[in-house]
1. Please list, in order along segment 114-125, the HN-Hα scalar couplings obtained from phi with the Karplus expression 6.51 cos²θ - 1.76 cosθ + 1.60 (θ = phi - 60°), rounded to whole Hz, x for Gly and Pro.
2. Which value, in Å² and to the nearest 10, is the accessible area of Val148 when all protein chains are kept and the probe is 1.4 Å?
3. With respect to the cross-link table entries Lys24/Lys47; Lys24/Lys63; Lys42/Lys89; Lys24/Lys58, which display a Cα-Cα separation exceeding 18 Å?
4. With every protein chain kept in place and ligands, DNA and RNA left out, what is the accessible area per residue of segment 43-187? Probe 1.4 Å, answer in Å².
5. Could you state how much accessible area Tyr50 has, in square angstrom rounded to the nearest 10, with a 1.4 Å probe and all protein chains kept in place?
6. Would you list Ile70, Ile180 from the most to the least accessible area, probe 1.4 Å?
Amino acid sequence: MKLPFSFLFSFFCFFSFSQEKATKVIDFNNIKVSTAFLIIEKKYNVKLSYTDKIIKGKMIFLKNKNRSLIETLAELSKALNLDFQFINKRFITVTISTSVFNSENYNELDEVVITSYLAKGIIKDKNGAFKITLKELEILPGLVEADVLESIQELPGVISPNETATGLNVRGGTPDQNQIIWDGFSI
């Protein structure tokens, strides 16, 4: 009695684990994408939700091969520039891909290191603080000389309601909420 029971147990275990990654033979020979989606829905027992305009006029070709649902959708995503998002195990939404790198025709640019911010002498640190070095400060466009307080107004988030170097507001604050220190003295 032990032998048949262990045989049945191993038989059921084999079939239960072999069904985890169900593969189906998929072969699309230059057919409309809407027809391909219908075939996928029937073979994998899923529902694809999409708008007609994202697949209008598109054709698909996939070689005859055993594929899981995930593999099939990955190949369709790459070939058609579409994204497939699982809502649950049965329902899948299809949208136009927003990824820039789905296309094989992209160029990687060289790294750009910015050493000056706005002009020479204005440096932005990694923590977001700005440092202005008076000895290195160059003239900003629209100014006749290198002025530290006028240069501060050009930084993002800094405004002056009366367009003078006094009364600077940083990100909606008031002049009494900001502190500008020059050579250790508060201005």
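The values are calculated or read from the model by the stated rules, or taken from the named source; none is laboratory data. Predicted model only: the values in this text are computed from it and were never measured. SASA here: full protein model, heavy atoms, side chains in, ligands and nucleic acids out. Shrake-Rupley method; radii C 1.70, N 1.55, O 1.52, S 1.80 Å.
1. 3J(HN,Hα) across segment 114-125, in whole Hz: 8, 9, 10, 10, 6, 7, 5, x, 10, 10, 9, 6.
2. 20 Å²
3. Flagged as over cut-off: Lys24/Lys58.
4. 76 Å²
5. Estimated to the nearest 10 Å², Tyr50 gives 60 Å².
6. Heavy-atom accessible area, descending, gives Ile70, Ile180.
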